[in-house]
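The values are calculated or read from the model by the stated rules, or taken from the named source; none is laboratory data. These numbers were taken from a predicted model, which means no experiment stands behind them. Using ideal geometry, Cβ is built from the backbone for each residue, glycine included, and neighbour counts are taken over all protein chains shown.
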Amino acid sequence: MTKVFVDTDVCIDLLSGRKPFNKTAEILFSLADNGKIKIYVSSLSFANIDYVLRSQYSTTHSRQIIAKFKTLVKVLPVDSKTIDLAIASDFNDFEDAIQYSCAIEYNLTTIITRNIKDYKKATIKILTPETFVSGPE
């Protein structure tokens, strides 16, 4: 089974209905829901997701959305080693460095993000959601 790390931006596209990106995110997460791929996210993503969702929904509704979302993904911890890797990285954006380091630490070889430019220094495959869902890897 294909295993992919999904960046927070794509998760937010799905959960907030951010147009026009939500359609591709829906296709991506449907693949996970149907058991065709395994999606991994970092624990850091949940704080960022909640922050965005609370601007649209009540706290209770945001937590309900997050709880349902959690059933679609495998949550990877952000630990001291992850932070050390991010600190030592050449990434300009620290949040992206944490996400990338988390994927590397857990031996994932593909990150799906809309922010390809932020991952220029990556040594693993970086794909947009559109690229991933449109064709074979």
Report summary line: Note on segment 94-118: residues over 16 Å from SER42 (Cα atoms) and either outside any helix (DSSP H, G or I) or in contact with a helix residue (DSSP H, G or I) (Cβ under 8 Å, 6 or more places away or on another chain) (or both) are ARG114, ASN115, ASP118
Query - Members of segment 22-53 that are without any contact (Cβ under 8 Å) to a residue 24 or more places away in the chain, in a helix (DSSP H, G or I) and either aromatic (Phe, Trp, Tyr) or over 19 Å from THR128 (Cβ atoms) (or both) - result: ALA47, ASP50, TYR51
Report summary line: Exactly one of SER42, SER80, SER134 is at pLDDT below 95 and either hydroxyl-bearing (Ser, Thr, Tyr) or surrounded by 18 or more Cβ atoms within 10 Å (Cβ to Cβ) (or both), and that residue is SER134
**Report entry** Verdict on THR109 being of a type in the set (Ser, Thr, Tyr), over 13 Å from ASP9 (Cβ atoms), touching a residue at least 12 places away in the same chain (Cβ under 8 Å) and surrounded by fewer than 18 Cβ atoms within 10 Å (Cβ to Cβ)
**Finding:** yes
Query - Only listed residue being out of contact with any Gly (no Cβ under 7 Å at 6 or more places or on another chain), at pLDDT below 95 and either among the aromatic types (Phe, Trp, Tyr) or surrounded by 14 or more Cβ atoms within 10 Å (Cβ to Cβ) (or both), chosen from ASP50, ASP118, ASP96 - result: ASP118
